[in-house]
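To start, the structure under review is shown below, and the notes come after it.
The values are calculated or read from the model by the stated rules, or taken from the named source; none is laboratory data. If you're wondering where the values come from, they're calculated on a predicted model, not measured in any experiment. Cβ sites come from the backbone with ideal geometry, for glycine too, and all protein chains shown count toward neighbours. What goes into the accessible areas is simple: the full protein's heavy atoms, side chains included, and nothing from ligands, DNA or RNA. Shrake-Rupley method; radii C 1.70, N 1.55, O 1.52, S 1.80 Å.
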Amino acid sequence: MSVARQLAASDRPRPRPRPGFLASLGLNLRVIGALMMREGTIKYGHENLGFFWVMGEPLFLTVGVMGMWAIGGQAHGHNIGDVPFALSGYTMITLWRHLTGKAVRAIRNNMGLLFHRNVRVLDILLARGLLEIVAILTAFFIAYTPLALLGFVDPLQDPLLLIGGYLLNGWFSLAVGIIIAGLSELSEPVEQFVPPILYITLPFTGAFNMAAWLPQRWRDVVLWSPLVNCQEMFRSGMFSPDTITYWYPWYVVLWCVVLTAIALPLALYAQKQVSME
C-alpha cells in the first residue's frame, strides 16, 4: 500500500465502539427518569402545589370516595371496615383507569420528543406509566399512615404481599395501556371505545367486593380476571390473617408476559405508522 493510501486510511473516522449492556441500561434509566420529571412538570406545573399534585390527585380521589362511604353508612355486611375496604379498592381501580384511560393517542402526542436521539417511544410510555404507579402508591401510604395512627385501619399484615399485588396490577395495566396506545394510532374508533370498555371492566376489578363473598360459580368466573387476583393479593397483605382471599400470582404473571410481548412490537409498529403520516 502506498504512503498516500495509508494516510487516507488513517484519516477515515473510526466507528465508535458500541456501549455495553450496563452502560445502555444506565442511559435508558436516566432517560426514563428525565421523562418522568418532564411529565410531572407538564401536568402539574412549577407553581403552587407543583409536583406534589402527582400524589395529591389520586389521594383526594381515594379519600373523597372513602369519606362518602363512611358518611353514607354504606356497609357491605362483612367484618371489614368501610374505610380500609374503600381505600384498598379505589387505590387499585385508580391505577387501572389511569394507566389505560390516559394511553389513548399517547404516541402521537409525544412524537416531538423523538427528536432527541436517546429517546424512544417505549421510554415515553414507560415513563408515563411509572409516574402513575409511583404517585398512586405514594398517595395510598400518605392516606394510610394517618388513618392507621388514628385507628381507622389496622396495621399492614404483609407489606411485601400488598406491594407485590400492586406492582402486578401496575404491570398488567401498563401492558394493556401500551396496547391501547398502539391501537389508538392504527384505528380512530379505538379512542371512542376505550371509555365504555373501562366501565364494563369495573365488576372484574374486584374493587367493590371480595371473591369470598361471591357464590362459588361467580367466584370461579371473576377469578379469571387478573385484576381481581391483584386486588385479592393487595387486600390479603392489608387485612387481618383470618380474611379469606383467593389469588394466583403466576396466573397474573403469565398474562403480563403475554400482553407485554404483544404491546412492545405493537407500539413500535404504531410509531412507524405515525412517523410516515
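Using θ = phi - 60° in the Karplus curve 6.51 cos²θ - 1.76 cosθ + 1.60, the 3J(HN,Hα) couplings for segment 249-258 round to x, 5, 5, 5, 4, 4, 4, 5, 5, 5 Hz; x is entered for Gly and Pro.
Taken about its Cα centre, segment 208-277 carries a charge dipole of about 60 debye when Lys and Arg each add +1 at the Cβ and Asp and Glu each add -1 at the Cβ.
Determine the dipole magnitude for segment 137-277: charges of +1 sit on the beta-carbon of Lys and Arg, -1 on that of Asp and Glu, nothing else is charged, the reference point is the Cα centre, and the result goes in debye to the nearest 20.
Charge dipole of segment 137-277: 180 debye, to the nearest 20.
Applying 0.36 nm per residue to the separation of Leu202 and Ser240 and subtracting their alpha-carbon distance, the gain on full extension is 11.2 nm.
Each peptide in 248-258, 231-241, 134-144, 191-201 gets a packing score, the mean of other Cβ atoms within 10 Å over its residues, and the list from highest to lowest is 231-241, 134-144, 248-258, 191-201. Overall, the accessible surface of segment 91-244 at a probe of 1.4 angstrom is composed of carbon and sulfur to the extent of 68 percent. You can think of it this way: the chain between Asn28 and Phe152 has 40.4 nm of extra reach, that is 0.36 nm per residue less the Cα-Cα gap. Applying the Karplus relation 6.51 cos²θ - 1.76 cosθ + 1.60 with θ = phi - 60° to segment 211-224 yields 3J(HN,Hα) values of 4, 5, 7, 8, x, 4, 5, 6, 4, 4, 6, 5, 6, 5 Hz, where x marks Gly and Pro. Along the charge dipole of segment 165-249, Cβ charges K/R +1 and D/E -1, which of Phe239, Gln192, Ile180 sits furthest on the positive end? After comparing all options, I get Phe239. Could you state the number of Å between the C-alpha centres of segment 101-121 and segment 139-172? Distance between centres, Cα-based: 32 Å.
At a probe radius of 1.4 angstrom, the accessible area of segment 212-277 per residue rounds to 56 square angstrom.
With r as the distance between the Cβ atoms of Leu160 and Gln216 and R0 = 41 Å, compute the FRET efficiency 1/(1 + (r/R0)^6) and round to 0.05.
The computed FRET efficiency comes out at 0.85.
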